[in-house]
Every structure is written in C-alpha cells, then in structure tokens.
Amino acid sequence: MNAPAYNFAYLDEQSKRMIRRAILKAIAVPGYQVPFASREMPMPYGWGTGGVQVTAAILGPHDSLKVIDQGSDDTTNAVSIRKFFAKTAGVQTTTSTLKATVIQTRHRIPETPLREGQVLVFQVPIPEPLRFLEPRETETRRMHALADYGLMHVKLYEDIAQHGRIATTYAYPVKVEERYVMDPSPTPKFDNPKMHDCPALQLFGAGREKRIYAIPPYSNVVSLDFEDHPFERYRHDGKCALCGAVDSFLDELIMDDHGRRMFMCSDTEYCETRRALGNGAQGFSKATEAAPA
Amino acid sequence: MIGLGNERPLLAAQGLSKWYGRQLGCRDISFQVHEGEVLAVVGESGSGKSTLLQLLSTQLEPSAGRICYCMRDGITRDLAALSEAERRFLFRTDWGYVHQDPPLGLRMAVSAGANVGERLMAVGWRNYRRIRTTAVDWLDRVEIDSRRIDETPRTYSGGMRQRLQIARNLVTNPRLVFMDEPTGGLDVSVQARLLDLLRGIVAELGLAAVVVTHDLAVARLLSHRIMVMKGGEVIESGLTDQVLDDPREPYTQLLVSSVLPP
Amino acid sequence: MPALKLFDVAKTFTMHLRGGIRLPVVSGVTFDVEPGQCVVLTGPSGSGKSSILKMIYGSYRCDHGQIFLRYQTSFVDIAAAEPRHLLTLRRRAIGYVSQFLRAVPRVPALDVVADSLGPTRGKDNRTRAAELLRRLNIPERLWSLPPATFSGGEQQRVNIARSFLHDMPVLLLDEPTASLDARNRELVVDLITEKKRRGIAIVAVVHDEDVREAIADSLVDVTLFAKAA
C-alpha cells in the first residue's frame with residue numbers, strides 16, 4: 001500500500017462527493033438520468049469510465065469488489081478494473097457474487113440472485129432510450145419530464161412491423177416505478193426481470209454522456225411491450241456444455257468453419273460454482289456435436 | 001339568436017399581440033372559432049399569419065392577450081394557464097398541426113404505420129393489432145395504398161407525405177386542426193387532390209380548422225370564414241364568399257383582383 | 001306572414017383600385033315574399049338583380065337596411081347576422097342557384113349533388129341525387145365524372161339538382177335556365193312549380209320571358225331602386 005500518489009479509490013474527495021450527490025438524487029428519482037460532472041479517468045471512454053466513477057464514489061475500505069464483463073470475471077476489462085481498485089483503494093476483490101458487496105458490471109446481471117446490502121454498478125454507453133428516434137436532447141428531456149413516451153412504443157411497433165415480433169434483444173427499455181422509461185444498458189433482455197423487485201441497489205453510470213441513474217432496492221421495473229406481443233425473455237434453447245445449467249444465459253461458441261457450436265454460461269462464476277458442486281453435464285467433445293440449426 | 005347553433009366557441013382569441021423585440025408580429029387580434037368551422041387566415045408573407053398560428057397553437061407566447069379553448073370536458077380554459085403536460089396532451093389528442101413541409105410533421109425514419117400509430121400509442125394504446133388496423137384504415141382514408149404501410153415516408157412522393165401527415169394528425173379524432181399552407185409545396189394537380197381530400201375529411205369529421213394560406217383558391221375551397229391580415233393586423237373578415245366576392249378593403253380588393261379567375 | 005322581407009336595402013361598391021370611385025348599385029330595396037310565391041326581379045343587366053340575390057344569400061354585404069328571413073318561429077336579419085349563423089341558415093333555410101357551377105375539381109357529379117344533403121356520402125343521399133339527375137336528363141355515364149368537363153347546359157342542370165334536392169324554405173335562382181334548351185327549360189319550370197306548391201318562397205332572376213311567365217307570381221322592377229345613392 002505504498003503507492004501513495006493516489007487518493008483512496010483514485011478520485012479526489014470533492015469529486016466523490018459530487019458523484020455521491022448525483023447518486024442520491026438518482027435514487028430519490030428512480031430511473032431519472034441525473035447529469036453529473038464526469039471526470040477524466042485513466043482509461044478510454046467506452047471502457048467503463050462511468051461505472052468506475054460510481055464505484056469509486058461508493059467504495060469503502062471494507063467493501064469486497066467483483067467486476068464482470070459480459071458475465072465474465074476474467075476478461076481484460078474486468079481484470080483491469082479489479083486491479084485498478086485493488087491498487088488505488090486497497091479493497092478486497094472477489095469473483096463470488098455471494099461475497100461481493102459491490103459488483104461493477106458491463107452488460108450482464110449475475111445469475112446468482114442479489115441480496116440486500118449489495119450494489120450493482122452498470123457501465124452505460126448510451127443512457128438515453130429515446131435517442132434512437134429523437135436525436136434532440138432538449139426534446140428527449142422534455143419528453144421524460146412530461147412522461148411523453150409514445151415514441152418508445154413506436155420503436156417496438158417498428159420491430160414487430162419489420163420482424164413480426166419485438167426483435168430488440170438487448171438494451172430493452174423498461175419503465176421504473178411507473179414513471180421514467182430507462183435504458184437498462186446493453187444487458188440482454190434475459191436479465192430484465194432480474195431488475196424488478198431486486199433487493200440490491202442498482203446504479204448506472206455513463207461517463208462519456210455524464211449521466212447517473214438508479215433503481216432503488218425493491219423497485220417496480222416493467223419491460224415495455226404490447227398486449228398482443230408481450231415481453232418475452234430470451235435465451236438460447238440449450239444447456240451449458242460445462243455445467244449443464246438450463247436456466248442461465250448462454251453464450252454461443254462457434255467451434256469450426258462447419259458451423260458447429262456449443263453453448264456455455266455467460267456468467268463464469270455461476271458456471272464454476274455449479275461445477276464445483278458436482279454439476280458437470282457433458283464434456284466438451286459431446287457439446288461440439290451439437291449440429292447447426 | 002335561437003336555434004342557430006352552439007353559442008360557445010371552441011377557440012377564442014382576445015387581443016392577441018406579439019412583438020419580436022421592436023418588430024411587430026401581429027397586433028390586437030380577436031376572433032372565435034366554433035366547432036366544425038373552418039377559418040382561413042390569408043395574407044402575404046410577413047403579414048403575421050404564421051405568427052398568429054404559432055400563438056394559437058401555443059408554440060409562441062403572446063406579448064399581450066389570451067386564448068381560451070373549450071376542452072373536451074366542456075370547460076373553457078385559458079391556454080396560458082395550462083401546464084406544459086396538459087398542453088402536450090391537448091396537442092396529441094384534441095389538436096392537430098399540419099405543417100407546410102411534411103418532414104417537419106412526420107418522423108421520416110420510421111414507417112408510415114408507426115407515424116400514424118404514434119399518437120395512439122402516446123395516449124396509451126397497447127394493442128399492436130388494433131393500432132395497425134387503425135393505421136391501415138387511415139391510410140385508406142387519405143388514399144395511400146395500405147400495402148405501403150411499412151415503408152418510411154422517405155419513399156413517398158410529396159403529395160403522399162402530406163396525406164400521411166394528415167392521417168397522423170387526425171387519427172385521434174381531434175376537434176381542432178391548425179394547417180400552415182397545407183398545399184404549399186405541391187404541384188397544382190396534386191394540390192387539387194389534396195384539397196378535395198381535406199375538404200371531404202374536414203366536413204365528414206366536423207373538424208374545426210384554422211388554415212393559414214396565401215392561396216385564395218385554397219381559402220375558397222376549404223374555409224367557411226376568412227380573416228385577411230396585413231402588417232400584423234386583421235383588416236377584414238367575414239364569410240369566405242363575402243370577403244372574396246365583395247371585398248371591402250383596398251388591400252383585399254388587390255388580393256382578390258390579383259388572382260386568375262377560377 | 002312572409003318568408004322573406006327586404007326593407008330599405010342598399011348596396012354600393014367602392015373600387016379602391018380605381019381611385020376609390022363609388023358605384024351605387026341599389027338603394028331602398030323593399031319587398032316581401034310569401035311562402036309558395038315566386039318573385040321575379042326585372043331590369044336590364046347591371047341594374048343590380050344579382051346583387052340583391054347575393055345580399056339575401058349573404059355573399060354580398062348589405063350597406064343599409066334589413067333582410068328578414070323567417071327561420072323557425074322568428075325572423076333573422078341576414079344583413080346583421082353573424083357569419084356562422086349565416087352558414088347555418090344556408091344549410092337549413094336558403095338555397096341558391098348561381099349562374100355558374102363552382103364545383104370542387106375532383107368530385108363526381110353524383111357526389112356534388114348528394115353532398116348538398118350533408119357531409120356524409122351515404123347511399124340514401126346518392127339514390128336521391130341519382131333520381132333528380134335522371135329527371136334532369138343528365139346521362140348516367142356522366143354521373144361518376146367531375147362536372148368541370150361537362151357542357152354548359154349539363155353543368156347548369158347539375159347546379160340546379162344540387163340546390164333543388166334539399167327543400168329550403170327560401171330559394172334564390174339566378175338565371176337557372178340561361179344555358180338550357182327548350183325541353184330542359186320546361187323540366188326546370190316544372191321543378192320550380194313543384195317547389196312553389198310545397199310552400200317554398202322563391203326569388204328569381206330570369207331573362208327568358210316564357211319561363212318568367214310560367215313561374216312569376218309578382219314582378220319587382222329593380223330599376224326603381226337604382227336612382228339614389
């Protein structure tokens with residue numbers, strides 16, 4: 001711990017206070033995008049500068065930090081951010097969803113249910129769900145203020161008109177506490193139901209766009225849909241080649257040029273825990289026989 | 001007078017004025033529009049007719065005067081006293097606004113069906129099939145081939161775009177529609193078709209409308225009453241045939257005499 | 001009790017584009033029309049006959065005097081009526097056949113006529129419109145075409161059909177037979193006679209002496225109103 005040039009968790013205290021105020025406001029107005037004075041971080045935009053600032057602002061010395069990137073604890077992004085906080089804050093890091101008190105994530109929610117007292121920090125590239133159809137920020141903010149959300153359904157309508165069903169599979173818009181429509185960051189829509197009534201606090205940080213928003217614990221989170229085209233979770237129809245899970249979100253792995261593929265849990269820690277408990281399904285070799293559709 | 005119709009106006013403007021700094025937009029304009037009545041505001045560019053339309057549709061705030069509107073619940077309210085949320089709601093339910101330039105009134109990147117359905121979804125329609133059926137119905141009514149429902153208006157001709165804009169506005173059965181030079185940028189033959197369509201729909205739905213136009217032929221075909229504006233003021237008003245066949249003011253006589261006979 | 005009552009009506013045109021010269025048209029126009037009666041206005045062209053009809057219809061403004069129209073149980077002064085009240089009266093109480101048909105370019109003849117019964121293009125209205133067009137000798141093949149392409153006489157008969165379909169208590173006719181041949185003139189005279197029998201009050205401008213003879217109950221010489229102003 002002799003790397004003394006850094007303040008605890010990298011950011012200076014004034015910046016952290018500013019971010020905490022934004023976070024408190026975000027919690028007070030669930031789903032509302034609170035502007036904040038995003039700082040330069042020692043990483044490029046798009047690598048989680050928003051999430052890192054939120055984590056830096058809420059981290060205490062006794063926290064245990066887990067970082068995942070698309071469900072995985074061991075990709076470059078996840079490893080780097082974990083190391084960053086180990087170095088600048090000296091906090092404990094972990095890959096266990098159960099043990100972590102703060103989980104920073106890029107594009108996934110862990111399979112293991114979250115509990116009270118935990119904080120899930122999302123990295124958000126584009127916080128504005130209406131931007132696809134209305135590029136003017138002045139106008140989208142007014143639409144949020146007036147709960148003028150017809151446009152959001154226009155997007156879903158277009159999906160059905162063009163694909164026969166709602167084809168949006170990630171960044172699927174939700175309405176929080178029956179008020180604000182919110183972009184859940186590019187998580188697969190499989191994870192949307194986990195946001196509803198979640199015992200943990202969910203925080204969203206967008207560094208480039210300088211916005212923070214939040215879902216307080218046990219909030220009502222509804223995925224937008226039509227009566228005759230209701231929201232549906234989506235996962236590949238298969239089981240994990242490693243742990244045999246049939247309920248987890250699966251990544252597809254293309255094995256060769258003949259289109260042979262296999263599936264495995266996107267949440268690596270969930271998969272490993274299951275295997276440690278003896279849930280090994282089939283071996284690699286069997287999985288590779290899964291024929292292309 | 002007994003039995004000559006509902007006495008309470010739908011829209012009433014009282015002493016409306018607008019200055020842009022020291023530049024006059026329009027001055028001291030008062031009039032009423034009743035249900036089912038089409039009022040044409042005619043005059044040359046700079047006469048203040050567009051300013052007036054923007055004031056009426058609450059897109060501009062008047063420097064003086066007020067506008068009252070009889071809401072669907074039968075209560076007449078001062079538009080300036082409405083919250084922005086209420087005004088927006090009015091705009092997507094009870095009012096329509098047809099722009100001269102269709103791209104201003106359409107979402108060019110989404111399909112015709114979604115353009116028509118947007119207002120329905122905004123007021124809470126959540127049944128895809130119903131929204132789509134209604135959109136098809138409206139495309140038929142404005143004579144757009146409903147097989148083109150999933151195309152964006154970018155692929156449409158100018159006349160089709162304008163008709164789509166009309167469908168998009170009328171789908172919630174508004175009671176009052178503002179139109180700014182609705183046939184402005186169109187070819188003469190396309191204009192005639194659009195005018196006939198508009199005239200039919202307006203009469204059938206019993207719509208009230210305020211139509212701003214510099215084209216007296218449009219005013220004659222669409223409107224019941226005319227207000228002639230010049231230099232920001234209303235200089236003459238009356239029944240459409242009255243003003244056009246028996247114009248009183250020098251400027252109106254000039255306007256009427258500058259038009260080729262129909 | 002008269003259906004229509006003109007009292008001391010005057011009209012002057014001011015031509016601002018011609019240096020503001022004033023053209024007095026008529027003044028002191030006073031006459032009554034009883035239900036079922038036809039008053040024919042006489043006088044040379046330019047004496048103001050059409051102007052009087054237009055003042056009664058409200059498309060010319062009246063500078064002076066009153067034009068009382070019986071509407072339901074009371075009289076309405078057309079010269080002072082609000083524009084929208086005038087519109088109501090035109091829908092319910094006064095019909096007008098102008099010299100020229102002013103029709104919307106794209107609307108078929110049948111609908112031009114049927115529309116006079118109301119804005120909904122219903123089947124019933126079309127049936128009634130078709131009957132009248134047939135009676136006026138408009139060939140069926142023309143019904144679905146816009147009248148702009150018709151001959152003068154055909155247009156005039158469409159025009160008549162449009163104003164005759166709906167029974168208005170007061171009917172104004174401005175040269176309804178001008179461009180018609182003898183056979184069609186007779187048809188129109190029959191229609192007018194039927195209107196009178198049903199108690200409709202009529203004010204007409206007719207140059208054809210036979211037609212005037214056939215329909216007029218009294219004549220009003222417009223030159224008598226031309227002197228003053």
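The values are calculated or read from the model by the stated rules, or taken from the named source; none is laboratory data. Bear in mind the structure is a predicted one, so any value in this text is a computation, not a measurement. Every residue, glycine among them, receives a Cβ derived from its backbone with ideal geometry; neighbour counts consider all protein chains shown. SASA here: full protein model, heavy atoms, side chains in, ligands and nucleic acids out. Shrake-Rupley method; radii C 1.70, N 1.55, O 1.52, S 1.80 Å.
Of all residues in the range B:206-231, those satisfying the criterion of being in contact with a helix residue (DSSP H, G or I) (Cβ under 7 Å, 6 or more places away or on another chain) and open to solvent by less than 10 Å² (accessible area, probe 1.4 Å) are B:Ala209, B:Val210, B:Val211, B:Val212, B:Thr213, B:Val218, B:Ala219, B:Ile226, B:Val228, B:Met229.
Checked against (1) closer than 25 Å to A:Val67 by Cα; (2) open to solvent by less than 20 Å² (accessible area, probe 1.4 Å); (3) of a type outside the set (Val, Ile, Thr); (4) out of contact with any Asp or Glu (no Cβ under 9 Å at 6 or more places or on another chain), A:Glu252 meets all criteria but (2). The residue list B:Leu39, B:Leu56, B:Leu104 contains one member that is away from every other protein chain (no Cβ under 14 Å) and of a type in the set (A, V, I, L, M), which is B:Leu56. Residues in the range C:169-181 that are without any contact (Cβ under 8 Å) to a residue 60 or more places away in the chain and open to solvent by less than 60 Å² (accessible area, probe 1.4 Å): C:Thr177, C:Leu180. Residues in the range B:212-262 that are of a type in the set (Asp, Glu) and within 11 Å of another protein chain (Cβ to nearest Cβ): B:Glu236, B:Asp241, B:Asp245, B:Asp246, B:Glu249. If the condition is being open to solvent by less than 60 Å² (accessible area, probe 1.4 Å) and in contact (Cβ under 8 Å) with a residue 60 or more places away in the chain, then the range A:217-235 contributes A:Pro217, A:Ser219, A:Leu224, A:Asp225, A:Phe226, A:His229, A:Phe231. When C:Leu87, C:Leu132 are checked against the criterion of being within 25 Å of B:Phe31 (Cα to Cα) and either touching a Leu at 6+ places or on another chain (Cβ under 8 Å) or open to solvent by 10 Å² or more (accessible area, probe 1.4 Å) (or both), C:Leu87 stands alone in meeting it. If we scan the range B:33-53, do we find a residue that is at pLDDT 95 or above, open to solvent by 70 Å² or more (accessible area, probe 1.4 Å) and within 26 Å of B:Asp94 (Cα to Cα)? No, because not a single residue in the range B:33-53 is at pLDDT 95 or above, open to solvent by 70 Å² or more (accessible area, probe 1.4 Å) and within 26 Å of B:Asp94 (Cα to Cα). Tell me, please, whether a residue that is touching a strand residue (DSSP E or B) at 6+ places or on another chain (Cβ under 7 Å), under 26 Å from A:Pro44 (Cβ atoms) and away from chain B (no Cβ under 13 Å) can be found in the range A:135-156. No, the range A:135-156 contains no residue that is touching a strand residue (DSSP E or B) at 6+ places or on another chain (Cβ under 7 Å), under 26 Å from A:Pro44 (Cβ atoms) and away from chain B (no Cβ under 13 Å). On the stretch given as the range B:249-262, residues that are more than 27 Å from B:Leu186 (Cα to Cα) and buried (at least 17 other Cβ atoms within 10 Å of the Cβ) total 0. Would you check if B:Ser189 is of a type in the set (Ser, Thr, Tyr) and either open to solvent by 30 Å² or more (accessible area, probe 1.4 Å) or more than 14 Å from every other protein chain (Cβ to nearest Cβ) (or both)? Considered against the rule, which asks whether it is of a type in the set (Ser, Thr, Tyr) and either open to solvent by 30 Å² or more (accessible area, probe 1.4 Å) or more than 14 Å from every other protein chain (Cβ to nearest Cβ) (or both), B:Ser189 comes out as yes.
Looking at the range C:155-170 only, could you name the residues that are farther than 15 Å from C:Gln99 by Cβ and assigned to a helix (DSSP H, G or I)? Listed by number, the residues that qualify are C:Ala161, C:Phe164. Determine if the range C:10-23 includes at least one residue that is over 18 Å from the mean Cα position of the chain (by Cα), among the aliphatic types (A, V, I, L, M), assigned to a strand (DSSP E or B) and crowded, with 18+ Cβ neighbours inside 10 Å. Yes. If the condition is being open to solvent by 40 Å² or more (accessible area, probe 1.4 Å), at pLDDT 90 or above and not in a helix (DSSP H, G or I), then the range A:262-293 contributes A:Met264, A:Leu277. All conditions in (1) farther than 27 Å from A:Tyr157 by Cα; (2) surrounded by 19 or more Cβ atoms within 10 Å (Cβ to Cβ); (3) within 14 Å of chain A (Cβ to nearest Cβ) hold for B:Ser111, with the sole exception of (1). Out of the residues in the range B:122-141 meeting the condition of being modelled with pLDDT under 95 and open to solvent by less than 60 Å² (accessible area, probe 1.4 Å), tell me which one is farthest from the chain's Cα centre (by Cα). Among those that are modelled with pLDDT under 95 and open to solvent by less than 60 Å² (accessible area, probe 1.4 Å), it is B:Gly124.
Only a single criterion out of (1) open to solvent by 10 Å² or more (accessible area, probe 1.4 Å); (2) farther than 21 Å from B:Trp125 by Cα is not satisfied by A:Leu133, namely (2).
One line per residue, one yes/no per condition, for (1) over 16 Å from C:Asp32 (Cβ atoms); (2) at the interface with another protein chain (Cβ under 9 Å from one of its Cβ atoms); (3) out of contact with any strand residue (DSSP E or B) (no Cβ under 9 Å at 6 or more places or on another chain):
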site: C:Leu53; (1), (2), (3): no, no, no
site: C:Tyr57; (1), (2), (3): yes, yes, no
site: C:Gln66; (1), (2), (3): no, no, no
site: C:Leu87; (1), (2), (3): yes, yes, no
site: C:Val97; (1), (2), (3): yes, no, no
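Look at C:Asp124 and say whether it is open to solvent by less than 30 Å² (accessible area, probe 1.4 Å) and either within 12 Å of another protein chain (Cβ to nearest Cβ) or not polar (S, T, N, Q) (or both). For C:Asp124, the condition - open to solvent by less than 30 Å² (accessible area, probe 1.4 Å) and either within 12 Å of another protein chain (Cβ to nearest Cβ) or not polar (S, T, N, Q) (or both) - is not met.
Tallying residues that are assigned to a strand (DSSP E or B) and either free of Cβ contacts under 8 Å to residues at least 12 places away in the same chain or over 17 Å from A:His107 (Cβ atoms) (or both) within the range A:191-210 yields 1.
Of everything listed in (1) free of Cβ contacts under 8 Å to residues at least 40 places away in the same chain; (2) open to solvent by 30 Å² or more (accessible area, probe 1.4 Å), the single unmet condition for B:Ile144 is (2).
From the list C:Thr42, C:Thr30, the one residue that fits, being without any contact (Cβ under 8 Å) to a residue 60 or more places away in the chain, more than 14 Å from chain B (Cβ to nearest Cβ) and either within 20 Å of C:Leu224 (Cα to Cα) or surrounded by fewer than 19 Cβ atoms within 10 Å (Cβ to Cβ) (or both), is C:Thr30. Does C:Arg92 fit the bill of being more than 26 Å from C:Phe225 (Cα to Cα), touching a strand residue (DSSP E or B) at 6+ places or on another chain (Cβ under 8 Å), surrounded by fewer than 19 Cβ atoms within 10 Å (Cβ to Cβ) and not β-branched (Val, Ile, Thr)? Answer is yes for this residue.
Filtering the range B:71-93 to residues that are surrounded by 18 or more Cβ atoms within 10 Å (Cβ to Cβ) and more than 24 Å from A:Pro135 (Cβ to Cβ) leaves B:Leu79, B:Leu90.
With a requirement of 2 or more residues that are touching a helix residue (DSSP H, G or I) at 6+ places or on another chain (Cβ under 6 Å) and free of Cβ contacts under 8 Å to residues at least 40 places away in the same chain, the helices (runs of 4 or more DSSP H) lying completely within the range A:59-174 that satisfy it span A:150-163. Checked against (1) out of contact with any Pro (no Cβ under 9 Å at 6 or more places or on another chain); (2) under 30 Å from B:Val190 (Cβ atoms), C:Pro105 passes all but condition (1). For the range A:221-235, enumerate the residues that are touching a Phe, Trp or Tyr at 6+ places or on another chain (Cβ under 8 Å), in a loop (DSSP other than H, G, I, E, B) and within 13 Å of chain B (Cβ to nearest Cβ). Matches in the range A:221-235: A:Leu224, A:Asp225, A:Glu227, A:Asp228, A:Phe231.
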